[in-house]
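Student: Below is a structure I'd like to ask you about.
The values are calculated or read from the model by the stated rules, or taken from the named source; none is laboratory data. Note that the structure is predicted; figures quoted are calculated from it, not measured. Cβ sites come from the backbone with ideal geometry, for glycine too, and all protein chains shown count toward neighbours. Note: accessible area is taken over every heavy atom of the protein model, side chains too, but ligands, DNA and RNA are not part of it. Shrake-Rupley method; radii C 1.70, N 1.55, O 1.52, S 1.80 Å.
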Amino acid sequence: MGARLLCLCILTALLGYYIYTPIPEDLAEPWAVMLVSAVLRTVGHLSEAAELLGLMHYMEGMRLITAAEFVAPTSDENVTVTDTELSNVPVRLFLPRRAPGGLRRAVLYFHGGGWCLGDAGMQGYDFMSRRIANELNAVVVSVNYRLAPPHRFPAQFEDVYSVTKFFLQSQVLSQYGVDPARVCVAGDSAGGNLAAAVAQQLLEDPEVKTKLKAQVLIYPALQALDLNLPSYQDNADKPLLSRSLMVRFWSEYFTSDPALREAMASNRHVPPESGHLLRFVDWSRWLPAEMRGSHTYRGPAAGDAELARRYPGLLDPRASPLLAEQARLRRLPRAYILTCEHDVLRDDGAMYAARLRAAGVPVTHHHAQDAYHGAITFLVGPLEQALGRRLFEACVEWLRENL
Ligand SMILES: *[C@@H]1O[C@H](CO)[C@@H](O)[C@H](O)[C@H]1NC(C)=O
């Protein structure tokens, strides 16, 4: 009896520890957020333990989340859904069934998951693409780019770029009945990073004649130089993306070498000779006053030049789109940028909005005061949240008017 009671107490304490996450007061549906956050933390701890024991890489453990959320490609009365390949890259393709009534729009979608996790077939992403296809009568190409590990930068970028470039060819657009003037890229988190990078790179590519109409960046990661922005400091332990997980994602994008992860964790990874790039991510210049809070600007400390030489991706605008010169931003398509208050990546999106505006690009910056990183993926199933729906609807409305 005593032993059972003791077990029960221990289990309750453990459960309490997992479920309890300091939830910001203004978050809607705090219980749903706590539950999701508890599941993520549990999988995170188990993955860490499995990695310490040498059983698997941390990210392989984390991929259980992707697997648990996977749904097979299933067509419905409105949309034909297939898993196929474009330009040798796996994609989930969503084709509207209703009569086109002219040429269609198209959305190239890149899922989130820190370049390491996620799949176009996760329930939330599948639902999003299906809704966009049906409501906007748009062809949606959701790309299953290669993930780290084993694949490192620039593999992820190259996959989404090659699908986009392939799709933008006039014979491919006409095969799908797509209007060349109404194509956009979109993505959330690491996918927002890829969407921004693709939009930039297309401008430099003489082989691409079709221009994107728009870019949708949902709480994007846009720079790896300063991992102590005010949002990183204020939201280091908020759901669902902690600072340490984001550091892990960034470093895994380039390498599994723990030296880079440790340097990034202490924000000492920018070599002294690259100090001139810091002006692009200087939050005292690019962040709206209300987001700076009471922080005083102190840029990253000078890091090890050798480390940066080994992982040059660190300073590459295809990984950090915020590092693009102002002149290069000028020709970019109009942008919708969603940022969430309780998110380490908040300032990345807010600074990109400011830099695009300064370059003359039309920007709709939607800052959600009561939202956290990842909120938009909870659109369906037991984890559905009104917040996710609201953020998603705002995005769809913008696309309806701007694509
Ligand atoms: C098909 O589209 C109609 C109209 O938009 C909608 O009411 C219906 O729920 C859709 N069906 C599915 C399975 O999503």
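Student: Excluding ligands, DNA and RNA, what is the solvent-accessible area per residue of the chain at a probe of 1.4 Å, expressed in Å²?
Tutor: Here the residues of the chain average 41 Å² of exposed surface.
Student: Something else: In nm, to one decimal, how far is the modelled label at SER170 from the one at GLU48, with both set 7 Å along Cα→Cβ?
Tutor: Going from the SER170 label point to the GLU48 one covers 5.6 nm.
Student: Just tell me which lysines come within less than 29 Å, Cα to Cα, of LYS165; anything on the same chain fewer than 8 places away is out.
Tutor: By straight Cα distance, LYS165 reaches LYS209, LYS211, LYS213.
Student: For the stretch 67-119, with all protein chains present and a 1.4 Å probe, just round the carbon and sulfur fraction of the accessible area to a whole percent.
Tutor: Here carbon and sulfur together make up 51 percent of the probe-accessible area.
Student: Hey, got a sec? Which trypsin sites (Lys or Arg not before Pro) in the stretch 285-352 land in a DSSP loop and have at most 11 other Cβ atoms within 10 Å?
Tutor: Answer in residue order: ARG298.
Student: Within 10 Å of each candidate Cβ there may be at most 13 other Cβ atoms; applying that plus a DSSP loop requirement, which GluC sites (Glu not before Pro) in the stretch 274-335 survive?
Tutor: Working: sites: GLU290, GLU306, GLU325; in loops: GLU325.
Counting only loop positions with at most 13 other Cβ atoms within 10 Å, the GluC sites (Glu not before Pro) in the stretch 274-335 are GLU325.
Student: Further question: Using Cα centres only, tell me the gap between the stretch 123-154 and the stretch 212-280 in whole Å.
Tutor: That distance is 23 Å.
Student: Then there is this: For ALA72, what is the net charge nearby, where nearby means another residue's Cβ is under 11 Å from its Cβ and Lys, Arg count +1, Asp, Glu -1?
Tutor: For residues surrounding ALA72, the net value is -1.
Student: Let me ask something additional. Tell me, in nm to one decimal, what length is gained between TRP31 and HIS276 on full extension, where the rule is 0.36 nm per residue of separation less the Cα-Cα distance?
Tutor: 83.7 nm
Student: Another one. In the stretch 78-403, what percentage of the DSSP-assigned beta bridges are antiparallel, given to the nearest 5?
Tutor: 30 percent
Student: For a label point 7 angstrom out from the Cα of SER294 toward its Cβ, which stretches of the stretch 335-357 have the backbone nitrogen within less than 20 Å?
Tutor: Of the residues in the stretch 335-357, 342-343 have backbone N under 20 Å from the label point off SER294.
Student: Would you mind listing how long the chain runs along its three principal axes, going by Cα atoms, in whole Å with the largest first?
Tutor: Result for the chain: principal-axis Cα extents of 73, 54, 40 Å.
Student: Distances over 28 Å make up what percent of all Cα-Cα pairs in the stretch 101-248? List each step's numbers first, then the result.
Tutor: On the way: 2379 of 10878 pairs.
That fraction is 22 percent.
Student: Hey, for a label at SER266 modelled as a point 7 Å past Cα toward Cβ, could you say which residues of the stretch 308-324 have their backbone N under 16 Å away?
Tutor: 308
Student: Quick check: residue separation of GLU158 and ALA68 times 0.36 nm, minus the Cα distance between them. What number comes out in nm?
Tutor: Net length gain for the segment: 29.7 nm.
Student: Further, regarding this structure: Pick from LEU240, LEU315, LEU27: which is most flexible by mean-square fluctuation in a GNM of the chain where alpha carbon atoms under 10 Å apart are linked?
Tutor: LEU27
Student: For ARG104, ARG63, give the ranking by accessible area with the largest first, probe 1.4 Å.
Tutor: On the way: ARG104 30, ARG63 65 Å².
Result, largest first: ARG63, ARG104.
Student: Using Cα-Cα distances under 8 Å and only pairs 6 or more residues apart, what relative contact order does the stretch 78-403 have, in percent?
Tutor: Taking the mean separation of contacting Cα pairs over the length of the stretch 78-403, I get 18 percent.
Student: With r defined as the distance between the Cβ atoms of ASP304 and ALA358 and R0 fixed at 41 Å, what FRET efficiency is calculated, to the nearest 0.05?
Tutor: 0.80
Student: Around HIS342, which amide H atoms from residues at least 5 apart in sequence, or from another chain, sit under 5 Å from its own amide H, with H modelled in the peptide plane?
Tutor: ALA371
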